[in-house]
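Note sheet for the following structure.
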Ligand code: COA
Ligand code: AMP
């Protein structure tokens with residue numbers, strides 16, 4: 001079947017199509033309905049179906065003879081450790097840790113926060129929650145205590161699972177200090193914390209609250225899997241929204257399992273038994289879907305890499321992993337390749353490794369510039385597939401579905417809509433636009449299985465963020481256009497979200513922090529183009545009258561504030577003091593125009609602008625301070 005035939009089939013009769021795809025999953029009870037609406041009128045897939053995601057990822061694989069196959073390779077250049085888990089071993093470890101959680105009273109429907117780095121215990125913890133029908137919420141390590149506290153208050157976890165530290169190249173990050181600070185700030189207090197002590201930084205445990213991971217394990221009994229409804233939540237993953245408060249994207253069990261299984265075969269073109277590697281972090285959606293769940297659900301071997309593309313120890317790290325584990329399909333963010341290219345532009349280190357096992361390189365997480373696409377293709381000598389998706393979808397929305405049919409690659413485009421996604425480009429007033437006209441990228445409802453059915457405990461925000469801009473559609477937040485051949489080009493976010501080194505962040509959040517400085521009268525934080533990280537945030541600040549601080553001191557203080565309130569991952573490193581900001585007469589700051597000036601892109605100021613002379617003033621200041629026209633941050 002061609003891509004077009006399969007896509008048309010998925011759109012002509014979604015229920016028939018997704019019923020067929022659901023056959024690939026071992027259900028305890030088959031769904032009674034394929035597509036239905038819940039009490040709140042929201043679409044749900046596979047109502048009445050009963051399954052367990054951890055069972056599918058582990059027990060089912062062992063039952064089908066994969067017990068001795070490697071499920072997980074752990075490779076950690078930052079600690080010098082490597083470990084291998086067969087499906088049988090991973091099943092045993094997950095069952096035992098599920099026993100630990102059960103012993104602590106965790107039951108189906110309870111929430112558990114996981115604040116842990118790229119170590120096998122994190123994967124074990126996620127699968128152990130899924131085994132019990134508990135809902136995990138993994139929080140990325142690069143966030144500050146305040147961000148963890150917000151997530152604790154929203155998810156209200158029964159337990160918090162943490163490791164004593166994370167390791168960033170050669171820096172040891174003390175996770176428990178972050179946990180302790182966030183628990184001081186949050187109103188919700190989990191019943192307890194289970195702490196995995198890493199030898200790089202053993203930490204004191206707080207009596208009455210903390211339990212030692214290994215100690216509990218030594219006394220635990222393995223726990224069996226708990227059947228859950230297809231519509232029960234598997235996890236919550238917080239992601240940046242257009243306000244300072246993150247959104248709790250909810251994922252269900254049934255649609256997720258079906259969509260991920262479908263994607264492995266039809267998008268990534270990988271077979272059970274093959275090695276699949278996503279170089280991301282379990283704290284992001286890519287890590288959830290393509291380090292943990294999809295490879296295991298599909299019976300592949302997955303790789304958990306605790307390192308960076310460069311400096312651990314060098315820019316040959318990725319090539320080594322591909323050679324060593326015979327990776328078939330590799331997935332990462334373009335920024336990782338930009339970092340490698342910067343350190344080793346001629347690919348001298350590449351010559352030391354044999355990467356011939358590789359069939360495809362997939363890139364996502366941010367816009368992929370043509371130079372990076374071409375350079376990575378030249379290095380690896382495989383097709384480079386740019387594909388587009390987001391935390392909310394949980395799996396690709398646009399891709400060259402090489403498992404079905406390899407379409408010609410058009411650099412700059414993430415190819416065509418994946419089966420199930422009725423993608424359209426809409427104008428301001430919701431009309432579907434013809435080819436080559438740029439507008440808002442939206443998906444006709446219903447979204448396919450695997451996409452978020454709702455936000456955690458916040459239907460009102462779900463509706464206002466995604467469903468109300470264009471009735472009958474899910475609004476992605478991205479802009480783009482479709483060319484004459486049906487290829488979609490994503491041109492970037494049309495809201496306050498930016499992508500820094502493939503990490504999704506909210507400039508509104510950073511603005512909130514900057515504005516809280518007592519000397520700041522008003523401010524704007526915008527994302528500007530960066531050669532290495534894709535985008536970086538820059539703060540423009542108007543000081544209150546009478547403030548005598550030097551620009552240097554202000555910059556230092558604001559950088560430190562964002563670091564400690566949002567986290568180092570924000571990469572907020574540049575602040576400019578300005579006399580005034582460009583605004584409309586009604587007082588709206590013209591952030592988009594500021595971005596265009598910084599990126600050297602043409603723009604036309606709105607007729608409502610308060611004072612046109614502010615624009616050349618700003619442009620001059622940016623030049624003077626070397627802000628913009630594609631800056632170049634260090635990896
Ligand atoms: N825990 C604690 N701190 C973290 C962290 C984590 N899990 N991840 C990042 N940080 C910190 C870094 O140490 C750094 O701190 P610093 O300012 O003190 O140096 C800061 O957050 C910014 O990190 P990062 O964005 O990773 O930038 P970098 O300059 O250290 O590295 C790259 C640049 C390109 C090498 C790196 O971003 C990378 O490997 N990107 C791959 C993209 C990726 O995995 N994307 C996920 C979605 S697919
Ligand atoms: P996240 O939710 O962190 O996965 O970020 C999702 C956002 O990243 C999308 O809304 C896009 O803005 C951007 N993005 C992801 N993949 C791509 C891609 N292939 N091309 C362009 N932008 C992308």
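The values are calculated or read from the model by the stated rules, or taken from the named source; none is laboratory data. All figures in this text were calculated on a predicted structure; none of them were measured in a lab. Here the Cβ is made from the backbone with ideal geometry for all residues, glycine too, and neighbour counts use every protein chain on show.
Summary of computed values
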item	result
Exclusive hit being more than 15 Å from ligand 1 (Cβ to nearest atom) and closer than 25 Å to residue 492 by Cβ, set 363, 373	373
Number of the exception - residue 566 against (1) in contact (Cβ under 8 Å) with a residue 60 or more places away in the chain; (2) in contact with a strand residue (DSSP E or B) (Cβ under 6 Å, 6 or more places away or on another chain); (3) within 16 Å of ligand 1 (Cβ to nearest atom)	(2)
Within region 295-401, helices (runs of 4 or more DSSP H) holding 1 or more residues that are under 27 Å from residue 123 (Cα atoms)	317-325, 334-343
Number of positions in region 93-119 that are surrounded by fewer than 20 Cβ atoms within 10 Å (Cβ to Cβ) and closer than 15 Å to residue 214 by Cα	3
Members of region 582-604 that are in a loop (DSSP other than H, G, I, E, B) and in contact with a helix residue (DSSP H, G or I) (Cβ under 6 Å, 6 or more places away or on another chain)	582, 603
Pairs with Cβ under 7 Å, 6+ apart, first in region 381-398 and at pLDDT below 95, second near ligand 2 (Cβ under 8 Å from one of its atoms) and in a loop (DSSP other than H, G, I, E, B)	none
Of all residues making up region 34-51, the number that are in contact with a helix residue (DSSP H, G or I) (Cβ under 7 Å, 6 or more places away or on another chain) and either within 17 Å of residue 259 (Cα to Cα) or free of Cβ contacts under 8 Å to residues at least 60 places away in the same chain (or both)	6
Of residues in region 120-134 being farther than 21 Å from residue 198 by Cβ and surrounded by 24 or more Cβ atoms within 10 Å (Cβ to Cβ), the one nearest to ligand 1 (Cβ to nearest atom)	130
Breaking point among (1) within 16 Å of ligand 2 (Cβ to nearest atom); (2) at pLDDT 95 or above; (3) on the phi < 0 side of the Ramachandran plot; (4) buried (at least 16 other Cβ atoms within 10 Å of the Cβ), for residue 477	(3)
Count of residues meeting criterion [in a helix (DSSP H, G or I) and either surrounded by fewer than 19 Cβ atoms within 10 Å (Cβ to Cβ) or within 16 Å of ligand 2 (Cβ to nearest atom) (or both)] in region 526-560	8
Boolean, residue 31 is touching a helix residue (DSSP H, G or I) at 6+ places or on another chain (Cβ under 9 Å) and surrounded by fewer than 21 Cβ atoms within 10 Å (Cβ to Cβ)	no
Residue match in region 281-289 (condition: touching a strand residue (DSSP E or B) at 6+ places or on another chain (Cβ under 8 Å) and away from ligand 2 (no atom under 16 Å from the Cβ))	no
Residues of region 261-286 satisfying the condition of being within 16 Å of ligand 1 (Cβ to nearest atom) and touching a residue at least 60 places away in the same chain (Cβ under 8 Å)	263, 267, 268, 280, 281, 282, 283, 284, 285, 286
Boolean, residue 273 is at pLDDT below 95 and either more than 16 Å from ligand 2 (Cβ to nearest atom) or out of contact with any strand residue (DSSP E or B) (no Cβ under 8 Å at 6 or more places or on another chain) (or both)	no
Tally of residues being over 21 Å from the mean Cα position of the chain (by Cα), part of a strand (DSSP E or B) and within 26 Å of residue 155 (Cβ to Cβ) across region 221-278	2
Which listed residue is surrounded by fewer than 24 Cβ atoms within 10 Å (Cβ to Cβ) and under 24 Å from the mean Cα position of the chain (by Cα), from 395, 319, 388	319
Selection status of residue 628, more than 26 Å from residue 281 (Cβ to Cβ) and surrounded by fewer than 14 Cβ atoms within 10 Å (Cβ to Cβ)	no
Residue within region 307-314 that is touching a helix residue (DSSP H, G or I) at 6+ places or on another chain (Cβ under 8 Å) and more than 13 Å from ligand 1 (Cβ to nearest atom) present	no
Flag for residue 470 being touching a residue at least 12 places away in the same chain (Cβ under 8 Å) and under 23 Å from the mean Cα position of the chain (by Cα)	no
Subset of region 174-202 that is under 18 Å from residue 144 (Cα atoms) and in contact (Cβ under 8 Å) with a residue 40 or more places away in the chain - its residue that is farthest from the chain's Cα centre (by Cα)	185
